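Everything on this sheet refers to the single structure shown next.
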Amino acid sequence: MRRGPRSEPPADPRWLDLLAAGCRELRGGGALFEDLYLEQRLELRAAVRNGDFELEACRLEGVAARWRAPSRTMLDARTGISATAIGELLARRGAKLQLPALRPLPAPELDPPRAWHEWAREVAGRLTAVHGVVRYLDRRAAVVRSDGWRPVSTPALVRVEHGGPRPAALLAVWGHPRTGAWLQDLIEAWPQKAWAPEPGSELPVVLAAGTAGALLHEVVGHMAESDLVATEASSLAGLLGATIGPPGLTIVDDPTRFDLAGAFSCDDEGVPAAPLPLVREGRFERFLCDREGARALGGDPGRGRRAGWARPPVARLSNLVVAGGTAAPAALEAELEHGLVVTRIGSATVDPVAARLVLRVERGWEIRNGRRRRPLAPCELTGKVMEVLAGIDPRIGADPTPDWRLGWCVKDGLPLPTGSEAPTLLVARLEVL
């Protein structure tokens with residue numbers, strides 16, 4: 001499913017045209033006007049409590065202005081996107097702007113599709129015993145610059161949170177055809193008898209069911225972000241053009257995949273979305289840059305993303321898509337004398353300073369003599385970034401699979417929706433923590 005972007009801006013398009021014209025010569029305090037960001041957000045929260053269906057709605061809107069001085073970029077933000085709110089915000093640093101005389105028309109209400117309410121009621125009912133919550137998340141935004149404005153379109157998302165002693169959650173694009181299967185996997189009972197690998201042991205690991213996306217999100221995606229590269233905190237700094245993985249490994253960050261949670265029509269700095277090849281046939285090719293990172297590194301902007309209107313844009317991933325190969329996934333397990341198969345990851349982190357990855361495994365299997373033997377108990381696996389990349393088997397699985405489990409990417413405490421699709425991969429060695 002690759003639905004096209006919605007193009008509804010959060011304000012009257014005619015008024016935004018006039019606003020952009022008014023911002024063209026805007027200056028203040030020695031700083032140049034960079035951009036104006038307007039955003040509306042909607043979150044619905046549904047749950048069943050004591051047999052009753054409860055629904056809460058939260059609607060927010062706000063605006064932020066950025067100014068660029070020779071040594072730094074400054075951001076001012078406030079709640080509300082009315083003409084008065086925008087005028088007061090710009091007047092904080094710039095000369096008072098003569099706002100367009102045309103009265104802006106209100107944008108249509110940001111509402112969920114009718115089918116969502118019944119779907120949420122049914123799903124919440126299935127989660128009653130574990131205090132589950134169903135959420136609907138949507139936003140629309142616009143970036144106003146001196147040369148015009150662009151709407152920021154993103155897919156509406158659903159998040160289902162499964163409570164209980166082992167909480168879990170899924171994040172998916174609303175209407176995705178595989179959501180039903182993912183829900184079943186989410187609420188499925190955990191194995192009663194599970195095997196825990198010995199801490200300190202090092203084993204080959206097959207990453208199945210799309211979970212390789214989480215690993216590559218950390219060791220390639222985050223390490224390619226321009227703020228880490230510019231400060232030389234990334235293991236990939238200085239490695240453009242170098243071979244970092246097997247010849248068959250090709251990775252693209254693709255915001256145009258509207259079937260995945262990290263999609264957008266343009267980034268939060270107004271740069272139109274386009275796929276960006278990060279790794280091609282094992283060679284590292286591009287950094288992920290916002291406008292500031294592009295100026296510092298000489299790259300292409302387009303990955304400036306905001307956690308909210310009151311936060312500045314920073315270089316972040318969208319949808320990490322790993323190209324499939326030709327290997328049968330079962331063949332990657334068949335030759336292992338002893339190893340692990342990972343089928344679900346709860347979370348993943350990478351420490352740029354230590355250059356170390358940690359995967360928190362929720363489900364999987366022990367492999368003995370090429371066969372799945374015992375279900376795997378929750379555990380943590382770790383490895384050094386460059387060693388993990390060098391240890392990826394050149395046989396790439398022929399089964400690209402989206403991963404529903406890791407939807408929120410948190411960096412510096414700021415969460416953003418991201419997506420991934422990856423085939424089955426075999427890593428030569430990871431250590432059990």
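Scanning the stretch 265-283 turns up one or more residues that are over 19 Å from the mean Cα position of the chain (by Cα), over 30 Å from Gly370 (Cβ atoms) and in contact (Cβ under 8 Å) with a residue 12 or more places away in the chain. Consider the stretch 405-429 and keep the residues that are out of contact with any helix residue (DSSP H, G or I) (no Cβ under 9 Å at 6 or more places or on another chain) and assigned to a loop (DSSP other than H, G, I, E, B). The one that is surrounded by the fewest Cβ atoms within 10 Å (Cβ to Cβ) is Gly413.
Among the residues of the stretch 104-162, just one is without any contact (Cβ under 8 Å) to a residue 24 or more places away in the chain and among the basic types (Lys, Arg), namely Arg114. Look at (1) closer than 22 Å to Ala273 by Cβ; (2) touching a Ser or Thr at 6+ places or on another chain (Cβ under 7 Å); (3) at pLDDT below 90; (4) not small (Gly, Ala, Ser) and you find that Arg24 fails only one, number (1). A search for C-beta distances below 8 Å between a residue of the stretch 224-248 that is under 21 Å from Pro301 (Cβ atoms) and assigned by TED's automatic domain parsing to the domain that holds Ala296 and any residue that is loosely packed, with under 15 Cβ neighbours inside 10 Å and not small (Gly, Ala, Ser), counting only pairs 6+ apart in sequence or on different chains, returns Ala233/Val353; Gly238/Glu232. For Glu387, the criteria (1) modelled with pLDDT under 95; (2) within 24 Å of Arg283 (Cα to Cα) hold in every case but one, which is (1). Taking the stretch 1-102 and the strands (runs of 3 or more DSSP E) fully enclosed by it, the elements with 2 or more residues that are outside the structural domain of Val271 (by TED's automatic domain parsing) and under 24 Å from Val173 (Cα atoms) are at 31-49, 52-68.
Going through the stretch 270-298 one residue at a time, which ones are assigned to a helix (DSSP H, G or I), basic (Lys, Arg) and at pLDDT 95 or above? Scanning the stretch 270-298 gives a single hit, Arg291. Taken over the stretch 54-92, the criterion of being farther than 30 Å from Glu109 by Cβ and either touching a helix residue (DSSP H, G or I) at 6+ places or on another chain (Cβ under 9 Å) or surrounded by fewer than 19 Cβ atoms within 10 Å (Cβ to Cβ) (or both) is satisfied by Arg68, Ala69, Pro70, Ser71, Arg72, Thr73, Met74. Within the stretch 267-278, at least one residue is closer than 20 Å to Val143 by Cβ, of a type in the set (Val, Ile, Thr) and assigned by TED's automatic domain parsing to the domain that holds Val385. Checked against the criterion of being modelled with pLDDT under 95, farther than 18 Å from Asp399 by Cα and not acidic (Asp, Glu), the stretch 299-307 contains one or more residues that satisfy it.
Restricting the search to helices (runs of 4 or more DSSP H) fully inside the stretch 163-252 and requiring at least 3 residues that are among the hydroxyl-bearing types (Ser, Thr, Tyr) and more than 21 Å from Arg316 (Cβ to Cβ) gives an empty result. Quick one: which of Ala294, Ala354 is touching a residue at least 12 places away in the same chain (Cβ under 8 Å), in the same structural domain as Trp404 (by TED's automatic domain parsing) and not β-branched (Val, Ile, Thr)? Of the residues listed, the single one that is touching a residue at least 12 places away in the same chain (Cβ under 8 Å), in the same structural domain as Trp404 (by TED's automatic domain parsing) and not β-branched (Val, Ile, Thr) is Ala294.
The values are calculated or read from the model by the stated rules, or taken from the named source; none is laboratory data. Since we're looking at a predicted model, the values are computed, not measured. Every residue, glycine among them, receives a Cβ derived from its backbone with ideal geometry; neighbour counts consider all protein chains shown.
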